[in-house]
Amino acid sequence: MGDDFFAGRFPFVDLDSGGSVQGLTKNIADIIAKLPADAKIIPGHGALSTSEDLKAYHQTLVETTDIVQKGMMSGKTLEGLKKDGLPAKYKSWGEGFIKTDFWIETIHKSLTMKMK
C-alpha cells in the first residue's frame with residue numbers, strides 16, 4: 001500500500017503535489033470494497049495488517065476529517081482547532097511521523113483547497 005496506509009498512525013498527504021485527504025479517504029474506501037476479508041496488507045509504515053486494520057484506518061480518516069470540518073463550519077480557526085485537538089482515542093495515532101497538530105493542519109488545508 002505504500003504511503004497510502006500508515007498502520008495505526010496519521011498519514012502524510014502530499015497536498016503540494018496534488019494529494020488531498022478527501023482523495024486518500026476515497027481511495028482507501030475503494031480498496032476496502034475490493035479487498036478479500038482474509039487479505040494480508042503490507043502498509044507503507046507499520047506492521048503487517050488485516051482488512052480490519054485498514055477499515056479502522058479509513059474510519060479514522062473519516063472521523064478526524066469530520067471533526068475538523070465541523071469545527072471550520074462553526075467558525076473555528078486553525079489555531080482553535082489545534083488547541084481543541086482530537087478525541088483521546090486518537091492520541092496514539094499522533095505518536096508517529098505525523099503529529100496530531102500537523103494532521104489537523106493537513107485536513108484543514110485539504111478542506112480549504114477544496115473550497116477554492
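Values in this text are rule-based calculations from the coordinates and carry no lab data. Small disclaimer: the values here were computed from a predicted structure and weren't measured. Heads up, the Cβs are rebuilt from the backbone with ideal geometry, glycines too, and the neighbour counts pull from every protein chain shown.
Tabulated data for the structure shown
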{"read-out": "Residue-span extension gain [residue 35 to residue 52] - 0.36 nm each, minus C-alpha spacing", "value": "5.1 nm"}
{"read-out": "Degrees separating the helix 21-34 axis from the principal Cα axis of the chain, which is the longest one", "value": "20 degrees"}
{"read-out": "Rel. contact order, % - alpha carbon contacts under 8 angstrom, at least six apart, the stretch 2-115", "value": "35 percent"}
{"read-out": "Long-range amide H partners of residue 96 with built H, under 5 Å", "value": "10"}
{"read-out": "Note, ³J(HN,Hα) from phi for the stretch 45-56, Karplus 6.51, -1.76, 1.60, rounded to Hz, x at Gly and Pro", "value": "9, x, 6, 3, 10, 10, 4, 5, 5, 5, 5, 5"}
{"read-out": "Sites residue 26 and residue 74, calculated FRET efficiency, Cβ-Cβ separation with R0 25 Å, nearest 0.05", "value": "0.50"}
{"read-out": "Sequence of 42, 28 once ranked by neighbouring C-beta atoms within 10 Å, starting from the fewest", "value": "42, 28"}
{"read-out": "Fewest-first ranking of 14, 38, 4, using other Cβ atoms within 10 Å as the exposure measure", "value": "38, 14, 4"}
{"read-out": "Space enclosed by the convex hull of the alpha-carbon atoms of the stretch 1-43, per residue, Å³", "value": "72 Å³"}
{"read-out": "Interatomic Cα distance distribution for the chain, bins of 5 angstrom, percent", "value": "2, 12, 23, 25, 19, 12, 6, 2, 0"}
{"read-out": "Pairwise label distance in nanometres, residue 66 with residue 97, each label 7 Å out on the Cα-Cβ vector", "value": "2.7 nm"}
{"read-out": "Expected 222 nm ellipticity per residue - DSSP helices of 4 or more, -39500 (n - 2.57), all of the chain, to 500", "value": "-17000 deg cm²/dmol"}
